[in-house]
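Take a look at the structure set out below.
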Amino acid sequence: MTDHTHRTSYTDRTDQLVLNAFVYPEGHHEAAWRHPATTPERLLDPEYFVDIAGTAERGRLDAIFFADSPAVTGNVELRPGAGFEPLTLLSAIAARTEHIGLVATASTTYNDPYTLARAFASLDLISGGRAGWNIVTTVADVASANFGLTGHPSAEERYARATEFVEAVVALWDSFEEDALLVDPVAGRWADPSRVHPADYRGRYVSTQGPLNVPRSLQGHPVLVQAGSSNAGRALGGRFAEAIFTAHQRLEDAVDFAADIRARAVAAGRSEKDVKILPGLSPFIAATQKEAKELEAGFTELINPAFNLPTLNGLFDLDFTEDDLDTVIPLSAVRATGQTLDNNHSRSQVVAGIIERERPTVRQLLGRLAGARGHRVFTGTPVQVADTIEDWFRAGAADGFNIMPPYYPGGLEVFVDEVVPILQERGLFRTEYPGTTLRSSYGLDVPENRWTVQRAGKAGRVPA
């Protein structure tokens, strides 16, 4: 049940929006790669992504974000399903940009803390403090065989490991105190060994000795992002996350989710302001409502039901075929899974809500899923898009948004050129970057190094 104790009135909030560009190479609509507005032949061209990052930076957006999975998922015959490892790609982008944040997904189930801590800390140094880690436990069970495992761990085990994993990574990121590096060739001293510490982390699932062999960056360490909305995901996010990526169709659901996360953060000894809540928004934008609807329809016409049908069947243990596209999905099939009764499976919960409220046919629901995989799709003019962003922001449902253009690169370009100026005119979004790090863009404090805190005898975060 949502705890509303810490709900705040946001009507007159004076802070500004956080806006990320969620980069799905061809676009977030399932059929985007087939649309003439996209260039699928460039999806393995690094310059394509440098250009996208440049557009985001031109719009003064906070960050670009890349999702990732350690496996081929979906039907590669029907949609592009292979590409760059995001940390490698973001390192290339870092060299060609100055301010845009660089957020990548990495799994706590199929990595080890030392390697991941080193990779993200390196990106953070390379970029001058612009890195962020989107923490996931990996839903796709096909990943297990890629790592020599006989099966995918349960959700309970994955989240228990994730908690330890994050603790270990943060401990490693604290290895070097800010004043550890002396770089004194005259005295012959590179570093002060009393300011370099082992993590010495021992858990049930992960262990690491340290110290990490990468010093801290200008922003202390990468921003911790989390993208799970299940009960276990909320617990993890409330404890650790500095930004939460989430999916909501309705304002009231988003308000309840945000209140719950903020309450969990406070219960964990943090402030509500320590976490930015960022729902996904996939906007079809045109000069008029009619033109925006026509734009969306052009993508809908290209949907291949065979692509998302296995996903829908898997969510609720159904067995629909392409012969059942005009069948109304029975509520009994959804309720039998319990998805409407709890939030143990966040994406199923969102889809179950659509089914209960709208009673769609299989074809209609596949069309909804094709738009942004359960994230909110909005179709309208630049002013209308700006209005819905402002409404959610002022209602306390969001601190900003993960913008999920249905097609790239044009979908991001029109958002930057047509919507961002409106938000700037309303005083809701910056006209210049406030600093050079991702934390400065998000309005987050630099985390204190636990060893510096201990040395000073201050109250604060202590070694895990």
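Net charge near residue 180: determine it from the other residues with C-beta under 10 Å of the C-beta of residue 180, scoring Lys and Arg +1 and Asp and Glu -1. Write out the running numbers ahead of the final one.
Details: positive: 195, 216; negative: 177, 178, 179, 192.
So the surrounding residues net to -2.
222 nm [θ] for the chain, helices only, -39500 (n - 2.57) per DSSP H run of 4+, per residue, to 500?
On the way: 16 runs with 171 residues, N = 464.
That comes out to -11000 deg cm²/dmol.
Any chance you could run the full-extension gain for residue 122 through residue 157? It's 0.36 nm times the residue separation minus the Cα-Cα distance, nm to one decimal.
Details: separation 35, 0.36 × 35 = 12.60 nm, distance 2.89 nm.
Value of the extension gain: 9.7 nm.
Multiplying the sequence separation of residue 294 and residue 75 by 0.36 nm and subtracting their Cα-Cα distance, what value in nm do you get? Walk me through the numbers before you get to the answer.
Details: separation 219, 0.36 × 219 = 78.84 nm, distance 2.75 nm.
In short, 76.1 nm is gained.
Which semi-axis lengths, in whole Å and largest first, follow from the square roots of five times the eigenvalues of the Cα gyration tensor of the range 126-248?
Values: eigenvalues 216, 61, 31 Å².
In descending order, the three semi-axes are 33, 17, 13 Å.
Could you name the aspartates and glutamates in cross-link range of residue 273, using Cα to Cα under 14 Å and dropping any fewer than eight places away on the same chain?
Residue 273 reaches 15, 242, 260, 399, 445.
Bin all alpha-carbon pair distances of the range 1-140 at 5 Å intervals from 0 and give each bin's fraction as a whole percent.
2, 9, 16, 19, 17, 15, 11, 7, 4, 1, 0
Counting only the backbone N, which residues of the range 262-305 are under 12 Å from the spot 7 Å out from the Cα of residue 250 toward its beta-carbon?
The answer is none.
How far, in degrees from 0 to 90, does helix 382-394 lean away from the longest principal axis of the Cα atoms of the chain, to the nearest 10?
60
Could you state the number of Å between the C-alpha centres of the range 385-446 and the range 214-229?
Spelled out, the Cα-based centre of one part sits 21 Å from the other.
Can you run phi through the Karplus equation (6.51, -1.76, 1.60; θ = phi - 60°) for the range 29-39 and list ³J(HN,Hα) in whole Hz, with x for Gly and Pro?
Listing the rounded values in order: 7, 3, 9, 4, 5, 8, 7, x, 6, 10, 10 Hz.
Between 0 and 90 degrees, rounded to the nearest ten: what's the tilt of helix 346-358 against the longest Cα principal axis of the chain?
Once rounded, the angle reads 30 degrees.
Could you work out how far helix 113-126 tilts from the main Cα principal axis of the chain, as a 0 to 90 degree angle to the nearest 10?
Helix 113-126 sits roughly 90 degrees off the main axis of the chain.
Please turn the phi angles of the range 194-202 into ³J(HN,Hα) values with the Karplus equation 6.51 cos²θ - 1.76 cosθ + 1.60 (θ = phi - 60°), one per residue in order, whole Hz, x for glycine and proline.
Once θ is set to phi - 60°, the couplings for the range 194-202 become 6, 10, 10, 10, x, 6, 6, 9, 10 Hz.
All other residues with a Cβ under 11 Å from the Cβ of residue 96 taken together, and with Lys, Arg as +1 and Asp, Glu as -1, what is their net charge? Write down the numbers at each step before the final one.
Working: positive: none; negative: 47, 51, 57, 98.
Residues close to residue 96 contribute a combined charge of -4.
Suppose we look only past 12 Å in the calculated P(r) of the range 263-325. What percent of the Cα-Cα pairs does that tail hold? Working shown, then result.
Values: 1540 of 1953 pairs.
Above the 12 Å cut-off, the range 263-325 has 79 percent of its Cα pairs.
In the chain, what percentage of the DSSP-assigned beta bridges are antiparallel, given to the nearest 5? Don't jump to the answer; show the numbers that get you there.
Numbers: 7 of 41 bridges.
Counting only bridges with both partners in the chain, antiparallel ones make up about 15 percent.
Only one of the listed values, (i) 68, 52, 44; (ii) 122, 66, 49; (iii) 76, 50, 48, was derived from the coordinates as Cα extents along the principal axes in Å; which label is it?
(iii)
What residues from the range 217-242 fall in the zone where the backbone N is under 16 Å from a label point 7 Å along the Cα-to-C-beta line of residue 456?
Backbone N within reach: 219-221.
Given 0.36 nm per residue, what is the gain on full extension from residue 383 to residue 112 after removing their alpha carbon distance, in nm?
Working: separation 271, 0.36 × 271 = 97.56 nm, distance 4.57 nm.
Gain on stretching residue 383 to residue 112: 93.0 nm.
Along the Cα→Cβ direction, 7 angstrom out, place labels at residue 11 and residue 273. What is the inter-label distance in nm?
2.2
A short reminder: the numbers here are calculations on the coordinates, not readings from a lab. All values reported here derive from a predicted model rather than from experimental measurement. In this analysis, Cβ positions are derived from the backbone assuming ideal geometry, glycine residues included, and neighbour counts consider all displayed protein chains.
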